[in-house]
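Read the structure below first, then the notes.
The values are calculated or read from the model by the stated rules, or taken from the named source; none is laboratory data. None of these values were measured; they are calculated from a predicted model. Every residue, glycine as well, gets a Cβ built from its backbone with ideal geometry; the counts of neighbours run over all protein chains shown.
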Amino acid sequence: MQHARLSLPAPAKLNLFLHILGRRPDGYHELQTLFQFLDHGDELHFAPRDDGQIVLHSDIPGVPHDSNLIVRAARRLQQESGCHLGADIWLDKRLPMGGGIGGGSSDAATTLLGLNHLWQLGWDEDRLAALGLSLGADVPVFVRGHAAFAEGVGEKLTPVELEEPWFLVLVPQVFVSTAEVFSDPELTRNTPPIKVRSLLGVDGRNDCQTVVEKRYPDVRNALILLNKFTSARLTGTGACVFGSFPNKGDADKVRRQLPATLPSFVAQGRNISLLHRKLQGLD
Ligand SMILES: C[C@](O)(CO)[C@H](O)COP(=O)(O)OP(=O)(O)OC[C@H]1O[C@@H](n2ccc(N)nc2=O)[C@H](O)[C@@H]1O
Ligand SMILES: Nc1ncnc2c1ncn2[C@@H]1O[C@H](COP(=O)(O)OP(=O)(O)OP(=O)(O)O)[C@@H](O)[C@H]1O
């Protein structure tokens, strides 16, 4: 018998600002950043398997099956929960890789929440977020599914209520390695910490932007282009850059004026992720 499938979104995130406060002895960086989700992302489909195998049926070029964060997340959850079931998984990939909008991390989080549901493990969010952190610094915020002020390496999360504007996101066709940006000697790592209550007064600076603009001319050109219409910023370590608009019409209008060679999309910023809105509907 064919098992029923569970289909769930894996939405993108933006870093509305990103401050680097310092470097820890293990090489990871102390950050302060503001995360909001976008109503745009990948889609995953899950079906349980009785033989315990985890099989991802969709290939991402350049990412071997066993290194895919989806497979790694599924296997870790299976091991740590002692679950005997496996899963068939399909991925509709829409988010760019190395884009700074968290595609891989969001896929991992959707896998953890999806399989927790499908395998009926009953793990709470704290446990799933802790497992998620071992897969990547950005995974916990996707597990929690609420816009947040993040500290530490990105895992200390304070939920926040933000305006939900529309964003135009430009996708320069370059892959930016997060590890490379964080190891750049020219990266500034001395921004003073802020308090969550002073969030509203913070400008949208991203401390990675200078280094990324210098190393990736395509990113610099995208910023110059978007700055003609609105204040443009880098998300994460790039490559994507974004600007906000009060409504969809204004964002679409600017999008139509961009060169056809530069991929872009328009999506609304959301405080509750699409994944969590869908999961709430299932309960
Ligand atoms: C830049 C952000 O996207 C902001 O949201 C994240 O901090 C990066 O999160 P991520 O892609 O999940 O990152 P990870 O996969 O954990 O780490 C990739 C690499 O980035 C560096 N890294 C990452 C996060 C951090 N706080 N400090 C770091 O120095 C490390 O060299 C690490 O090897
Ligand atoms: N399911 C997946 N989707 C995308 N990338 C994956 C996946 N699994 C593993 N990876 C690896 O993770 C790397 C980073 O991918 P990702 O899309 O998360 O980057 P990103 O958007 O820059 O993320 P971030 O904003 O977290 O820095 C890719 O180079 C790829 O090798």
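When residues of the stretch 7-58 are filtered for being part of a strand (DSSP E or B) and either under 21 Å from the mean Cα position of the chain (by Cα) or within 12 Å of ligand 1 (Cβ to nearest atom) (or both), how many remain?
Within the stretch 7-58, the first condition is being part of a strand (DSSP E or B), and the residues that meet it are 7-23, 29-49, 54-56.
So of that shortlist, the ones also either under 21 Å from the mean Cα position of the chain (by Cα) or within 12 Å of ligand 1 (Cβ to nearest atom) (or both) come out as 7-23, 29-46, 56.
Final tally of qualifying residues: 36.
Which residues, taken from the stretch 73-94, are buried (at least 22 other Cβ atoms within 10 Å of the Cβ) and not in a strand (DSSP E or B)? I'd like the intermediate steps shown before the answer.
Start the filter on the stretch 73-94 by keeping residues that are buried (at least 22 other Cβ atoms within 10 Å of the Cβ), which leaves 73-74, 77, 87, 89.
Once the filter is applied, which keeps residues that are buried (at least 22 other Cβ atoms within 10 Å of the Cβ) and not in a strand (DSSP E or B), the stretch 73-94 yields 73, 74, 77.
List pairs: first residue in the stretch 175-194 and on the phi > 0 side of the Ramachandran plot, second residue within 11 Å of ligand 1 (Cβ to nearest atom) and in a loop (DSSP other than H, G, I, E, B) anywhere in the structure, Cβ distance under 7 angstrom, at least six positions apart or on different chains.
none
Could we say that residue 130 is closer than 25 Å to residue 282 by Cα, of a type in the set (A, V, I, L, M), free of Cβ contacts under 8 Å to residues at least 12 places away in the same chain and out of contact with any Lys or Arg (no Cβ under 6 Å at 6 or more places or on another chain) here? Outline the logic, then answer.
Numbers: closer than 25 Å to residue 282 by Cα: yes; of a type in the set (A, V, I, L, M): yes; free of Cβ contacts under 8 Å to residues at least 12 places away in the same chain: yes; out of contact with any Lys or Arg (no Cβ under 6 Å at 6 or more places or on another chain): yes.
Yes: the conditions hold for residue 130.
Of all residues in the stretch 138-170, which are within 13 Å of ligand 2 (Cβ to nearest atom) and surrounded by 20 or more Cβ atoms within 10 Å (Cβ to Cβ)?
Selection gives 138, 139, 140, 141, 142, 150, 154, 169.
Can you spot a residue in the stretch 139-152 that is without any contact (Cβ under 8 Å) to a residue 12 or more places away in the chain and either outside any loop (DSSP other than H, G, I, E, B) or within 14 Å of ligand 1 (Cβ to nearest atom) (or both)?
No.
Of 118, 112, 135, 131, which residue is under 20 Å from residue 37 (Cα atoms), hydrophobic (A, V, I, L, M, F, W, C), surrounded by fewer than 24 Cβ atoms within 10 Å (Cβ to Cβ) and at pLDDT 95 or above? Before the answer, list the steps.
Values: 118 fails: under 20 Å from residue 37 (Cα atoms); 112 fails: surrounded by fewer than 24 Cβ atoms within 10 Å (Cβ to Cβ); 131 fails: under 20 Å from residue 37 (Cα atoms).
Matching residue, one of 118, 112, 135, 131: 135.
I'd like to know if the stretch 152-161 contains one or more residues that are touching a Gly at 6+ places or on another chain (Cβ under 8 Å) and either within 30 Å of residue 258 (Cα to Cα) or among the basic types (Lys, Arg) (or both). Show your work before the answer.
As a first pass, look at the stretch 152-161 and keep what is touching a Gly at 6+ places or on another chain (Cβ under 8 Å): none.
No, the stretch 152-161 contains no residue that is touching a Gly at 6+ places or on another chain (Cβ under 8 Å) and either within 30 Å of residue 258 (Cα to Cα) or among the basic types (Lys, Arg) (or both).
Can you tell which of 66, 39 is farther than 16 Å from residue 139 by Cα, away from ligand 2 (no atom under 11 Å from the Cβ) and among the acidic types (Asp, Glu)?
Details: 66 fails: away from ligand 2 (no atom under 11 Å from the Cβ).
Answer to the selection: 39.
Only one of these is within 27 Å of residue 265 (Cα to Cα) and in a loop (DSSP other than H, G, I, E, B): 104, 99, 114, 122. Name it.
Details: 104 fails: in a loop (DSSP other than H, G, I, E, B); 114 fails: in a loop (DSSP other than H, G, I, E, B); 122 fails: within 27 Å of residue 265 (Cα to Cα).
So the residue among 104, 99, 114, 122 that is within 27 Å of residue 265 (Cα to Cα) and in a loop (DSSP other than H, G, I, E, B) is 99.
Is there any pair with a first residue in the stretch 228-241 that is within 14 Å of ligand 2 (Cβ to nearest atom) and a second that is among the aromatic types (Phe, Trp, Tyr) and in a loop (DSSP other than H, G, I, E, B) whose Cβ atoms are under 9 Å apart and which are 6 or more apart or on different chains, and what are they?
From the stretch 228-241, the pairs are 238/216; 239/175; 239/216.
What residue, of 8, 18, 31, is within 12 Å of ligand 2 (Cβ to nearest atom), in contact with a Ser or Thr (Cβ under 8 Å, 6 or more places away or on another chain) and within 28 Å of residue 163 (Cβ to Cβ)? Spell out how you get there, then give the answer.
Values: 8 fails: within 12 Å of ligand 2 (Cβ to nearest atom); 31 fails: in contact with a Ser or Thr (Cβ under 8 Å, 6 or more places away or on another chain).
After ruling out the rest, the residue left standing is 18.
Return the residue satisfying two criteria in turn: it lies in the stretch 74-99 and is touching a Cys at 6+ places or on another chain (Cβ under 9 Å) and of a type outside the set (Gly, Ala, Ser), and of such residues it is nearest to ligand 2 (Cβ to nearest atom).
Taking the stretch 74-99 as the starting set, the residues that turn out to be touching a Cys at 6+ places or on another chain (Cβ under 9 Å) are 77, 96, 99.
Checking the rest, the ones that are also of a type outside the set (Gly, Ala, Ser) come to 77, 96.
Values: 77: 15, 96: 7 Å.
The extreme case among them is 96.
Each row is one residue, and each column tells you yes or no for (1) among the β-branched types (Val, Ile, Thr); (2) touching a residue at least 60 places away in the same chain (Cβ under 8 Å).
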{"site": "40", "(1), (2)": "no, yes"}
{"site": "52", "(1), (2)": "no, no"}
{"site": "55", "(1), (2)": "yes, no"}
{"site": "59", "(1), (2)": "no, no"}
{"site": "65", "(1), (2)": "no, no"}
{"site": "81", "(1), (2)": "no, no"}
{"site": "86", "(1), (2)": "no, no"}
{"site": "96", "(1), (2)": "no, yes"}
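Please identify the pairs in which a residue from the stretch 271-283 that is more than 17 Å from residue 122 (Cβ to Cβ) has its Cβ atom under 7 Å from the Cβ atom of a residue that is of a type in the set (Val, Ile, Thr) and modelled with pLDDT of 95 or more, counting only partners at least 6 apart or on another chain.
Matching pairs, first to second residue: 275/110.
When you go through 234, 170, 135, 200 one by one, which is the residue that is touching a helix residue (DSSP H, G or I) at 6+ places or on another chain (Cβ under 6 Å) and away from ligand 1 (no atom under 14 Å from the Cβ)? Give the derivation first.
Numbers: 234 fails: away from ligand 1 (no atom under 14 Å from the Cβ); 135 fails: away from ligand 1 (no atom under 14 Å from the Cβ); 200 fails: touching a helix residue (DSSP H, G or I) at 6+ places or on another chain (Cβ under 6 Å).
Unique residue meeting the criteria: 170.
Could you check the stretch 59-69 and list, in sequence order, the residues that are more than 14 Å from ligand 1 (Cβ to nearest atom), surrounded by 12 or more Cβ atoms within 10 Å (Cβ to Cβ) and in a helix (DSSP H, G or I)?
We begin by selecting, within the stretch 59-69, every residue more than 14 Å from ligand 1 (Cβ to nearest atom); these are 59-62, 64-66.
Filter once more, so that each one left must be surrounded by 12 or more Cβ atoms within 10 Å (Cβ to Cβ): 59-60, 65.
Matches in the stretch 59-69: 65 only.
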